[in-house]
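Contents: one structure, followed by commentary.
Derivation of every value follows stated rules applied to the coordinates shown; laboratory data play no part. It should be emphasised that the depicted structure is a prediction, and the values quoted were computed from it without experimental measurement. Backbone-built Cβ (ideal geometry, glycine too); neighbour counts: all protein chains shown.
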Amino acid sequence: MTARILEGKVFAQAFREDAQKKAAALQEKYGVQPGLAVIIVGSNPASQVYVRNKHKSCEALGIYSEVIEMPETTTKDELIAKIDALNADVKIHGILVQLPLPEQIAAHESEILERIRPEKDVDGFHPVNVGRLVTGEPGLVPCTPFGCLRMLELAGIPIDGQRAVIIGRSNIVGKPMLHLLLGKNATVTICHSHTKDLPAITREADILVAAVGRPKFVTADMVKPGATVIDVGINRIAPKKLVGDVDFESVKEVAGAITPVPGGVGLLTVAMLMENVVRAAEMQLQA
Ligand code: GUN
């Protein structure tokens, strides 16, 4: 049996269409265009590409977009002053500070991200939004795990009552994924570098999420036949060669469904950011 391939572009397109419709509805109902501000500090080439993609995506969907480029030498206070101005700007419903930050301010990352008003925190990184996710209150959820959840739902993969195993406990993917799946009544286990007998645990998973950052870490013997395998890893193993955390070629022969890398959940992140900007605008307008 070869697994069903869950193509990121199909789901990303569905999420974009949804965000576009919701943006148009806000324009119609309130005369307001949802707006995103992305702050990029310094000139990290990868970050520049990501920020450009976010800007283009906004333009394509009818979302107002501002890209604020600040020099490499920006101080913490200068960045915080910019965030304060955007917090008060009624055109802006979502604020994102592109990471990583340059060295001299990276140590202040938490303080900087916590300065963003939780209602405008479209990354879902603010402790208030983390708390809302844990308690099950409405809030903004980190884009990548939120995209994974929505993809499972749209693909018709059952979650309620299923065993889900997540490998990796990052604040950006592993931990939010745990709470999202728990919120949909899965029985969730989170594994990490200190977990004993990892394959015995992953083999119990109906839904296996790999977010470890180690190329081809999940092999066929770690997967239950028929399981859904979501690969969140993006590992560059050669200048032009990206692979996931899952050994796609062997695992696709065992899994029931699998996301490829590239072309999998990586494509969902910007689409979900658009969704988060629209949700942020809805929440601010309905408040
Ligand atoms: N850099 C790489 N991924 C992300 C992300 O999801 N959010 C932010 N703010 N920066 C990033």
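Among the listed pairs Lys22/Lys82; Lys9/Lys56; Lys54/Lys224, a Cα-Cα separation exceeding 26 Å is found for Lys22/Lys82; Lys54/Lys224. Each Lys or Arg adds one and each Asp or Glu takes one away; over the other residues whose Cβ falls under 12 Å from the Cβ of Thr202, this sums to -2. Got a sec? Charge dipole of the chain, +1 on Cβ for Lys and Arg, -1 for Asp and Glu; which of Val97, Pro142, Thr74 is way out at the positive end? Ranked along the dipole, the leading option is Pro142. Under 5 Å between amide hydrogens, built in the peptide plane, is the criterion, and for Cys191 it picks out Ile166, Ile167, Gly168 among residues at least 5 positions away or on other chains.
Legend: ranking of residues Arg115, Arg203 from fewest to most surrounding C-beta atoms inside 10 Å; resulting order Arg203, Arg115. The modelled label-to-label distance for the pair Glu59/Asn235, using points 7 Å beyond Cα in the direction of Cβ, is 3.6 nm. Between region 243-259 and region 170-202, the alpha-carbon centres lie 18 Å apart. Here, region 142-287 is characterised by an Rg to Rh ratio of 0.98, where Rg is the alpha-carbon radius of gyration and Rh the Kirkwood radius. Across region 84-243, C-alpha contacts under 8 Å between residues 6 or more apart give a mean separation that, scaled by the residue count, equals a relative contact order of 15 percent.
Among complete DSSP H helices in the chain, those whose alpha-carbon atoms stretch at least 24 Å along the helix's long axis and whose mean Kyte-Doolittle hydropathy reaches 0.0 are 268-286.
Filter Lys29/Lys120; Lys29/Lys91; Lys21/Lys184; Lys216/Lys252 down to the pairs with a C-alpha to C-alpha distance above 18 Å, please. Cα-Cα > 18 Å for Lys29/Lys120; Lys21/Lys184; rest within. Put simply, the amide H of Met70, placed in the peptide plane, has neighbours under 5 Å in Ile40, Val41, Gly42, leaving out anything fewer than 5 places away on its chain. Here region 1-139 carries DSSP beta bridges of which approximately 0% are antiparallel, counting only pairs with both residues inside. Scanning residues 5 or more positions from Ala186 or on other chains, those with amide H under 5 Å from its amide H are Gly161, with H placed 1.01 Å from N in the peptide plane.
Considering only alpha-carbon pairs that sit under 8 angstrom and 6 or more positions apart, the relative contact order computed for the chain is 23 percent.
When the chain is treated as a Gaussian network with alpha carbon springs shorter than 10 Å, the biggest mean-square fluctuation among Thr202, Thr135, Thr144 belongs to Thr135. Under 14 Å from the Cβ of Leu178, count the other residues' Cβ atoms, weight Lys and Arg +1, Asp and Glu -1, and hand me the total. Once all neighbours under 14 Å are counted, the net charge is +4.
Normalised by the number of residues in region 47-114, the mean separation of alpha-carbon contacts (under 8 Å, six or more apart) gives a relative contact order of 34 percent. Please work out the Cα center distance from region 49-74 to region 77-122, rounded to the nearest Å. Taking the Cα centre of region 77-122 as reference, the centre of region 49-74 is 14 Å away.
Go through Ala155, Pro118, Gly226 and say which Cα lies farthest out towards the positive end of the charge dipole of region 100-247; charges sit on Cβ, +1 for Lys and Arg, -1 for Asp and Glu. Result: Gly226, furthest along the dipole toward the positive end. Fraction of C-alpha pairs exceeding 22 angstrom in region 78-215: 46 percent, rounded to a whole number. The Stokes-Einstein estimate for region 52-114, based on a Kirkwood radius over Cα pairs and taken at 20 °C with 1.002 mPa s viscosity, is a diffusion coefficient of 166 µm²/s.
Charging the Cβ of each Asp and Glu at -1 and of each Lys and Arg at +1, and nothing else, the dipole of the chain about its Cα centre rounds to 520 debye.
Considering only Ile80, Ile167, Ile40, the Gaussian network model of the chain with Cα springs below 10 Å gives its largest mean-square fluctuation to Ile80. Between Lys91 and Arg203, take the C-beta separation as r, use R0 = 51 Å, and let me know the FRET efficiency to the nearest 0.05. Approximately 0.50, to the nearest 0.05. 3J(HN,Hα) along region 210-226: 9, 9, 10, x, 10, x, 6, 5, 8, 10, 4, 5, 9, 10, 6, x, x Hz, from the Karplus curve 6.51 cos²θ - 1.76 cosθ + 1.60 with θ = phi - 60°, whole Hz, x for Gly and Pro.
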